[in-house]
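Shown next, in structure tokens, is the structure this report addresses.
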Amino acid sequence: MSEWLVLSLAMAAACAVVLTIAFFNHRRISEDDDPNETPDVIEYMTMMIGVIYAIVLGLAIAGVWEGRGAAQEYVRQESQALHEISVRSEVYPADVRKTIRSDVDAYVTYVVDTEWKEMADHGKLNDRSGQLLERIRRDVTDYEPKTDHEGQAYQPLVDQVAAVDDARNARGQSAQATMPGVVWFGLIVGALVTVGLIFTLQIRRSFRELLLAGLFSALIAFLLFLIWDFDAPFGRGVAATAEPFFAQFPHLGLSD
């Protein structure tokens, strides 16, 4: 099911529930009831709870957005380090250089074509990419430099392999959801409490009041959906992309 369809259904359901409750709640209120008699303390509490929940929502959105940005940065670092390995291997003999670049291309192709889907579906890395990275490491570390020029390039190449390994591990960790279950419990309960409190203000069946109640509930549903969508940096609508790999290795003809 499309994420946008999920969003539309969630917002529609939130509006429908709130408007239905408002409709039936109005039917049980007597005609001589005065909405202006709502105690000031209830209005104050409703306002304060709404402000507190808005702050919590803002922090949650900022947290998952930062996680998505970090995941994209790990992808950039990994692709850049792999590109550096391919470029810096130029000083090595042709057969060694060809082997290194071939293994780098195989690793990049596997990550984009296969492992990316594994991260999106299961939130974890594939062992095969670790094996391909180990082949690159062996290509670099097993070669004994024959000249001073090759010797000067050796350690930077080893460092770039380590950078790839570090970025890959970080990418794997960021593929999982970052919001704990207890936080989701708090967000959902907070949404129910916040929306529920608007009924203490005695909503009438006027178009203006029903419209505002519906829009308020839809907004809460949208913000919760936004947090859910960002919480999987590689798996949902607004996800981190493999664009850095496409940019650094255009000769592979990779695509989404």
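Scan the range 49-93 for residues that are surrounded by 18 or more Cβ atoms within 10 Å (Cβ to Cβ) and either of a type in the set (Phe, Trp, Tyr) or touching a Gly at 6+ places or on another chain (Cβ under 6 Å) (or both) and jot them down. TYR53, TYR74, TYR92 - these are the residues of the range 49-93 that are surrounded by 18 or more Cβ atoms within 10 Å (Cβ to Cβ) and either of a type in the set (Phe, Trp, Tyr) or touching a Gly at 6+ places or on another chain (Cβ under 6 Å) (or both). Checked against the criteria, GLU150 counts as at pLDDT below 90, within 27 Å of ASP95 (Cα to Cα), surrounded by 15 or more Cβ atoms within 10 Å (Cβ to Cβ) and over 23 Å from the mean Cα position of the chain (by Cα).
Each row is one residue, and each column tells you yes or no for (1) modelled with pLDDT under 90; (2) in contact with a Leu (Cβ under 7 Å, 6 or more places away or on another chain).
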| site | (1), (2) |
| --- | --- |
| THR20 | yes, no |
| THR38 | yes, yes |
| MET45 | yes, no |
| ILE55 | no, no |
| GLN72 | no, no |
| ALA81 | no, no |
| ARG97 | no, no |
| SER102 | no, no |
| TYR107 | no, yes |
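Out of everything in the range 159-178 that is touching a helix residue (DSSP H, G or I) at 6+ places or on another chain (Cβ under 6 Å) and surrounded by fewer than 20 Cβ atoms within 10 Å (Cβ to Cβ), what residue ends up being farthest from THR114 (Cα to Cα)? Here the residue is THR178. Screening MET119 on (1) at pLDDT 90 or above; (2) crowded, with 19+ Cβ neighbours inside 10 Å shows it passes everything except condition (1).
If the condition is being at pLDDT below 90 and either under 30 Å from ALA232 (Cα atoms) or acidic (Asp, Glu) (or both), then the range 129-147 contributes ASP142, GLU144. The residues in the range 209-224 that are surrounded by 19 or more Cβ atoms within 10 Å (Cβ to Cβ) and within 25 Å of MET119 (Cα to Cα) can be counted, and the count is 1.
The values are calculated or read from the model by the stated rules, or taken from the named source; none is laboratory data. Note that this is a predicted model, so its numbers are computed, not measured. Cβ sites come from the backbone with ideal geometry, for glycine too, and all protein chains shown count toward neighbours.
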